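Colleague: Following this message is one structure expressed as structure tokens.
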Amino acid sequence: MNDETQKLFSLSGKVALVTGASRGLGQAIAVGLAKAGATVLCCASRPGGTDATIALIKLAGGNAHGLAADLSDEAAVTKLYQDAITVAGQVDILINNGGTISRFPAHEYPMDEFRSVIDVNLNGLFQLSQLAGKDMLTRKTGKIINIASMLSYSGGMTVPAYTASKHAVAGITKALANEWAISNVQVNAIAPGYFKTDNTKALQDNPERNADIVKRIPAGQWGEPEQLAGTAIFLASSASDYVNGHVLAVDGGWLAR
């Protein structure tokens, strides 16, 4: 890879804020961005929740700091962004990965659970994007990457709140891109397929559902979280400066089947 190509994908000198960075996809993305040169602000729902991620980043020679916030709490989200500015001065890259899921048959789905999922997965995401976006618009540069889902395209089973939130994530990605692209702020989303994470453990542990899922994936296997890092680096780097409002599926071919 020549110097110009390396520069396209370099995140050196950039600051990235990654929510849901304690484990799984968020942890893999945070480590990947750090390896590409970014200083990574790792956020979890509780203090100390990203200690393992920070340790991995430092082991790889990167720079990271831990933050905490309940993404369903408007005041906590505001404080999170203020804390990020205090620690790093600015946020160049925002990765809205933090999320939650709750499983009940739709006709029995508790409304408090429904509201909780929407508050975290959608309302918190929009509020943090708005806070970061204001500064990015002023500076005429920035990257926002939302984590969507295969359930941004389909309905799923027993997860109506999650499905509703992830359809909305795809929509809000396009809406923000429409307004902010003119100011050199790129807003995109990644729609992971079936990856081995805590959120999908119920599916992995169900022999019938697991077999059905693997059978449909052309790659023939679940994804590993580390396989998402390259996509995040691309969308966070100058290599994607003309990519805007796109939902990029990383799914082993699931949607093509």
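Colleague: Restricting attention to segment 62-80, which residues are of a type in the set (Asp, Glu) and under 14 Å from GLY20 (Cα atoms)? Explain how you work it out, then say what you get.
Modeller: Let us first name the residues in segment 62-80 that are of a type in the set (Asp, Glu), namely 70, 73-74.
If the condition is that a residue be of a type in the set (Asp, Glu) and under 14 Å from GLY20 (Cα atoms), then ASP70 is the only one that fits.
Colleague: Looking for whichever is within 19 Å of ILE95 (Cβ to Cβ), acidic (Asp, Glu) and either without any contact (Cβ under 8 Å) to a residue 60 or more places away in the chain or surrounded by 15 or more Cβ atoms within 10 Å (Cβ to Cβ) (or both) here; the options are ASP212, ASP198, ASP135. Which one fits? Lay out the reasoning, then the answer.
Modeller: Values: ASP212 fails: within 19 Å of ILE95 (Cβ to Cβ); ASP198 fails: either without any contact (Cβ under 8 Å) to a residue 60 or more places away in the chain or surrounded by 15 or more Cβ atoms within 10 Å (Cβ to Cβ) (or both).
The unique qualifying residue is ASP135.
Colleague: Find the residue count for segment 234-257, including only residues that are out of contact with any Pro (no Cβ under 6 Å at 6 or more places or on another chain), within 18 Å of PHE195 (Cα to Cα) and buried (at least 17 other Cβ atoms within 10 Å of the Cβ).
Modeller: 6
Colleague: OK, next. Quick check: is even one residue across segment 42-53 assigned to a loop (DSSP other than H, G, I, E, B), out of contact with any Asp or Glu (no Cβ under 7 Å at 6 or more places or on another chain) and polar (S, T, N, Q)?
Modeller: Initially, segment 42-53 is screened for residues assigned to a loop (DSSP other than H, G, I, E, B), giving 45-50.
Now narrow it down to the ones that are out of contact with any Asp or Glu (no Cβ under 7 Å at 6 or more places or on another chain): 46-50.
Going one step further and asking which of them are polar (S, T, N, Q), we end up with 50.
Looking through segment 42-53, at least one residue is assigned to a loop (DSSP other than H, G, I, E, B), out of contact with any Asp or Glu (no Cβ under 7 Å at 6 or more places or on another chain) and polar (S, T, N, Q).
Colleague: Tally the residues that are out of contact with any Leu (no Cβ under 6 Å at 6 or more places or on another chain), among the hydrophobic types (A, V, I, L, M, F, W, C) and in a helix (DSSP H, G or I), restricting the search to segment 89-140.
Modeller: 12
Colleague: Now for a separate question. Quick check on my filter: what residues within segment 37-60 are over 17 Å from the mean Cα position of the chain (by Cα) and in contact (Cβ under 8 Å) with a residue 24 or more places away in the chain?
Modeller: GLY37, ALA52, LEU56, ILE57, ALA60
Colleague: Look at LEU151 and say whether it is more than 19 Å from ASP73 (Cβ to Cβ), part of a helix (DSSP H, G or I) and touching a Lys or Arg at 6+ places or on another chain (Cβ under 7 Å).
Modeller: On the way: more than 19 Å from ASP73 (Cβ to Cβ): yes; part of a helix (DSSP H, G or I): yes; touching a Lys or Arg at 6+ places or on another chain (Cβ under 7 Å): yes.
Against the criterion (more than 19 Å from ASP73 (Cβ to Cβ), part of a helix (DSSP H, G or I) and touching a Lys or Arg at 6+ places or on another chain (Cβ under 7 Å)), LEU151 qualifies.
Colleague: Of everything in segment 169-213, what is β-branched (Val, Ile, Thr) and out of contact with any Leu (no Cβ under 8 Å at 6 or more places or on another chain)? Give them in sequence order. Outline the logic, then answer.
Modeller: Going residue by residue through segment 169-213, those that are β-branched (Val, Ile, Thr) are 169, 172-173, 182, 185, 187, 190, 197, 200, 213.
Selection gives THR173, ILE182, THR200.
Colleague: Just to check your reading of the model, which residue among VAL159, VAL169, VAL117 is over 16 Å from the mean Cα position of the chain (by Cα), buried (at least 18 other Cβ atoms within 10 Å of the Cβ) and under 20 Å from VAL247 (Cβ atoms)?
Modeller: On the way: VAL169 fails: over 16 Å from the mean Cα position of the chain (by Cα); VAL117 fails: over 16 Å from the mean Cα position of the chain (by Cα).
The unique qualifying residue is VAL159.
Rule-based calculations on the coordinates, nothing more; no lab input. Just so it is clear, the model here is predicted, and its values are computed rather than measured. With ideal geometry, Cβ positions are generated from the backbone for all residues, glycine too; neighbour counts draw on all protein chains shown.
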